[in-house]
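Enquirer: Here you go, one structure.
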Amino acid sequence: MRVLGSEDARALDARTIEAGTPGLVLMRRAANAVVREIAGVIARRPARGARVVVLAGPGNNGGDGFETARLLQAARVASNVETLLFGAPEHLSADARRTHQRLEQAGGVIREVTKEGDLEPLRVATVVVDALFGTGLKRPISPDGLPARAVRLVAEGKAFVVSVDLPSGLSADDAVPWTPAVRADLTVTFGYPKPCHVTLPAASLCGRIAVAGIGFLPLLEDEGRVTGEAVAAGDVALLFPRREAGAHKGSFGRLLVVGGSLGMAGAPALAARGAHRSGAGTVTVFAPESVRAAVHMSSPETMTVGEGVDFARFDALAVGPGLGASAEARALVERAADSRLPAVFDADALNLAGDAAYFARRPAPTVLTPHPGEAGRLLGIDAARVNADRETAARTIAARAKAVVILKGFRSLVADPSGRVVPVLAGNPAMASGGTGDVLTGVVGACLARGFDAWDAACAAAWLHGTAGDFVREEKGEESLTASDVVEALPEAFFAARESGGG
């Protein structure tokens with residue numbers, strides 16, 4: 001999906017309106033998307049529904065806020081909804097004035113903010129909807145004004161923060177955030193992501209990114225070319241059409257997970273569970289006898305095999321989770337590298353390979369999924385140098401390995417041998433937890449077994465895995481996420497992709 005700068009975003013909005021879709025209709029669609037996301041956030045933790053406070057500015061972003069408040073109230077998503085208006089109603093844009101009137105007519109509570117005491121509702125809010133400033137913001141928020149005080153109160157509070165289009169105080173086009181700026185837990189943007197959603201450090205203030213289709217016209221050829229691409233829900237949805245009525249388990253691929261060693265039975269089991277939750281037809285773990293019983297207990301859907309297995313019986317391989325560093329493990333990595341099956345290599349398989357060029361001999365689609373430490377070993381440098389220039393590291397590994405690479409981390413990067421590097425709009429620091437990488441390996445393996453090429457498998461898997469982790473964070477917080485939680489949230493990630501819409 002292309003990333004749109006603020007000028008391209010405004011041009012697209014204007015073209016869509018000129019073609020016959022009223023701005024008010026776009027505003028209502030945007031508000032509906034925000035309400036859907038808030039409903040999910042509250043469903044994951046119902047206590048958040050106690051008190052929603054909407055911050056509305058004078059522009060069209062504020063208009064989205066008024067309509068969001070009205071719809072939240074009408075749908076009874078929250079027990080109490082209050083809107084704080086920054087500026088006088090007569091200064092609102094035309095469309096925002098209409099939604100303000102609709103909210104008034106519906107009996108919505110609107111408080112005009114004229115003094116600091118009017119901000120008191122923020123101290124007890126359980127959800128804050130940030131619709132202060134959108135892509136039109138051209139300079140930092142004045143540090144002495146009431147909007148800045150509101151931003152600081154939001155930062156001091158414990159409410160879950162949902163930003164409309166982008167967190168107020170950020171420039172849509174800049175990687176470096178202005179001060180003050182809202183730190184969102186969730187940002188709902190429309191049509192296409194903006195540069196601030198993609199690039200650190202600004203992206204760290206955006207939380208989970210939901211890119212909602214609201215009916216924009218298709219992009220012109222040159223729109224978004226300069227600002228690049230990102231992997232978002234709409235890209236993933238296209239890869240998973242509805243299943244045919246006559247489908248059977250053989251229709252969705254047979255994956256062999258190669259991994260497991262003494263004390264590491266959980267790793268291949270997590271990979272297998274991730275593959276099952278990602279639609280693989282069958283999943284089999286090739287592991288030592290000492291590991292296989294534990295795999296069955298953790299994942300009863302999974303079959304296991306030992307020595308003598310014929311790789312040719314399968315459609316794809318997932319190699320490395322818990323494999324260990326023994327001579328037998330090294331021989332298995334060699335065998336997998338020489339096979340003609342699509343394969344994903346992770347963890348011990350990457351460490352045993354030792355160099356990115358090891359995989360260049362592979363005759364089949366190949367995905368590597370290193371974290372920065374593993375990436376450093378593949379390149380012969382330390383992790384700090386990888387993190388100092390993640391794009392170059394991902395691009396270099398992909399070129400040397402002649403493979404697609406997922407360089408894991410916040411805004412994971414997908415790179416291919418041609419030099420293409422694309423960030424993934426999913427994932428969060430709570431996923432820095434043992435076993436989450438094994439789940440990703442299983443998701444990639446399932447996509448390869450289903451017949452995806454290496455690029456599509458990597459993009460789909462990285463987004464689904466990261467989005468599942470985002471949903472777990474919203475339910476359980478940053479400290480309590482486990483790899484098993486990510487597995488169980490994969491279905492919700494698939495639903496999010498399917499329901500994302502387009503344009």
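Enquirer: May I ask you to list the trypsin sites (Lys or Arg not before Pro) in the range 1-84 that are in a DSSP loop and have at most 13 other Cβ atoms within 10 Å of their Cβ?
Expert: 76
Enquirer: Oh, and also: Work out the FRET efficiency for residue 80 and residue 226 from their Cβ-Cβ distance, taking R0 = 45 Å, and round it to the nearest 0.05. It would help to have the intermediate numbers written out before the result.
Expert: Working: r = 44 Å, r/R0 = 0.98.
Efficiency, rounded to the nearest 0.05: 0.55.
Enquirer: Which log10 I(q)/I(0) values, to two decimals, does the range 1-132 give at q = 0.19, 0.21, 0.22 Å⁻¹ under the Debye formula with one point per Cα?
Expert: Evaluating at q = 0.19, 0.21, 0.22 Å⁻¹ gives log10 I(q)/I(0) of -1.06, -1.22, -1.29.
Enquirer: Using 7 Å Cα-to-Cβ label points, what is the residue 242/residue 90 separation (nm, one decimal)?
Expert: About 5.4 nm, to one decimal.
Enquirer: Name the residue from 363, 331, 286 whose Cα lies farthest towards the positive end of the charge dipole of the range 282-364, charges +1 on Cβ of Lys and Arg and -1 on Cβ of Asp and Glu.
Expert: 363
Enquirer: Are there GluC sites (Glu not before Pro) in the range 204-305 that DSSP marks as loop and that have at most 13 other Cβ atoms within 10 Å, and which are they? Please report the intermediate quantities before stating the final value.
Expert: Numbers: sites: 221, 223, 229, 244, 289, 301; in loops: 221, 223, 244, 301.
Filter output for the range 204-305: 221, 244, 301.
Enquirer: Okay, next question. Among 104-111, 263-270, 443-450, how do they line up from the highest to the lowest mean number of other beta-carbon atoms within 10 Å? If you can, show how the numbers build up before the last one.
Expert: Details: 104-111: 13.8, 263-270: 25.5, 443-450: 31.0.
Packing order, densest peptide first, comes out as 443-450, 263-270, 104-111.
Enquirer: What is the extension gain from residue 249 to residue 310, computed as 0.36 nm multiplied by their sequence separation minus the C-alpha to C-alpha distance, in nm to one decimal? Write down the numbers at each step before the final one.
Expert: Numbers: separation 61, 0.36 × 61 = 21.96 nm, distance 1.95 nm.
Computed gain between residue 249 and residue 310 is 20.0 nm.
Enquirer: Another question, then. Putting +1 on Lys and Arg Cβ atoms and -1 on Asp and Glu Cβ atoms, find which of 230, 134, 151 reaches farthest to the positive end of the dipole of the range 6-230.
Expert: Result: 151.
Enquirer: With unit charges on the beta carbon (Lys/Arg positive, Asp/Glu negative), name the residue among 22, 387, 46 whose Cα is farthest towards the positive pole of the charge dipole of the chain.
Expert: So the residue we want is 46.
Enquirer: Could I ask something else about it? Among rounded, prolate and oblate, which fits the range 361-458 when a ≥ b ≥ c are the square roots of the eigenvalues of its C-alpha gyration tensor, a/c under 1.5 means rounded, and a/b larger than b/c means prolate? Can you show the working numbers first?
Expert: On the way: a/c = 1.63, a/b = 1.11, b/c = 1.46.
Oblate, because a/c is 1.5 or more while a/b does not exceed b/c.
Enquirer: Taking a ≥ b ≥ c as the square roots of the Cα gyration tensor eigenvalues, with a/c under 1.5 meaning rounded and otherwise prolate when a/b beats b/c, else oblate, which class fits the range 249-498? Walk me through the numbers on the way to the answer.
Expert: Working: a/c = 1.37, a/b = 1.06, b/c = 1.30.
Rounded.
Enquirer: Another question about this same structure. On alpha-carbon atoms, Rg over Rh for the range 6-230 using Kirkwood Rh?
Expert: Values: Rg = 16.2 Å, Rh = 17.2 Å.
Computed over Cα atoms, the ratio is 0.94.
Enquirer: Give the value in nm², to one decimal: projected area of the alpha carbon convex hull of the chain, averaged over all directions. All intermediate terms of the calculation are to be shown ahead of the outcome.
Expert: On the way: hull surface 94.8 nm².
Mean projected area for the chain: 23.7 nm², to one decimal.
Enquirer: Oh, and also: Roughly what would the spin-label model give for residue 158 and residue 10, points 7 Å off Cα along C-beta, in nm?
Expert: Going from the residue 158 label point to the residue 10 one covers 4.1 nm.
Any read-out appearing in this document is the output of simple, stated calculations on the displayed coordinates, not a laboratory observation. Bear in mind that the values here come from a model prediction, so they are computed numbers and not experimental data. Cβ sites come from the backbone with ideal geometry, for glycine too, and all protein chains shown count toward neighbours.
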